[in-house]
1. If each residue of separation counts as 0.36 nm, what is the full-extension length gain between Val3 and Leu84 once their alpha-carbon separation is subtracted?
2. To test your reading of the geometry: what angle, between 0 and 90 degrees and rounded to tens, separates the Cα axis of helix 65-86 from the longest principal axis of the chain?
3. In nm, what is the difference between 0.36 nm times the number of residues separating Gln37 and Asp50 and their Cα-Cα distance?
4. Which of (1) 23, 16, 10; (2) 27, 16, 13; (3) 34, 21, 8 is the computed semi-axes √(5λ) of the Cα gyration tensor in Å for the structure on display?
5. Which ³J(HN,Hα) values in Hz, rounded to whole numbers, follow from the phi angles of the stretch 20-32 under the Karplus curve 6.51 cos²θ - 1.76 cosθ + 1.60, where θ = phi - 60° and Gly and Pro get x?
6. Can you compute the FRET efficiency between Glu73 and Asp12 using 1/(1 + (r/R0)^6), with r the Cβ-Cβ distance and R0 = 35 Å? Round to the nearest 0.05.
Amino acid sequence: MFVFNTSFYVQDAVFSLWRQWVEQQMLPALAAGGWSQVAEVFEVVSAVPDAESRIFSVQWRCGSDEQVAQLDEVLVPQLEQCSLKFGQKATHFSTLMKSW
């Protein structure tokens, strides 16, 4: 079992627009691209980067290497769109975790 995690550092000034983008563009685009697993979205409360930003984690569970590759294929264009739309006001990085 794998957990594919993408962390987002989002400035408060764009949070509402970023959330709308996640809910109305990113997640539907993944579904349209053939990804059927539900995303879990969390706000990270154990660390605060500064007084004007928030951290979010979007996670998907993958049962195989093939699912990880499929998710990566449909997610990368969406993350590129995030960078174009928000620039440094909503940055991101992804990690892949494997259960024991």
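1. Using 0.36 nm per residue and subtracting the Cα-Cα distance, I get 26.6 nm.
2. Helix 65-86 and the main axis of the chain meet at about 20 degrees.
3. 1.5 nm
4. Only one listed value fits the structure, namely (1).
5. 4, 4, 4, 6, 9, 10, 4, 5, x, 5, 5, 4, 5
6. 0.65
Where a number appears in this text, it was derived from the coordinates with a stated rule and is not lab data. Remember, it's a predicted structure, so these values are computed and weren't measured experimentally. Don't worry about glycine lacking a Cβ; one is built from the backbone with ideal geometry, like all the others, and counts go over all protein chains shown.
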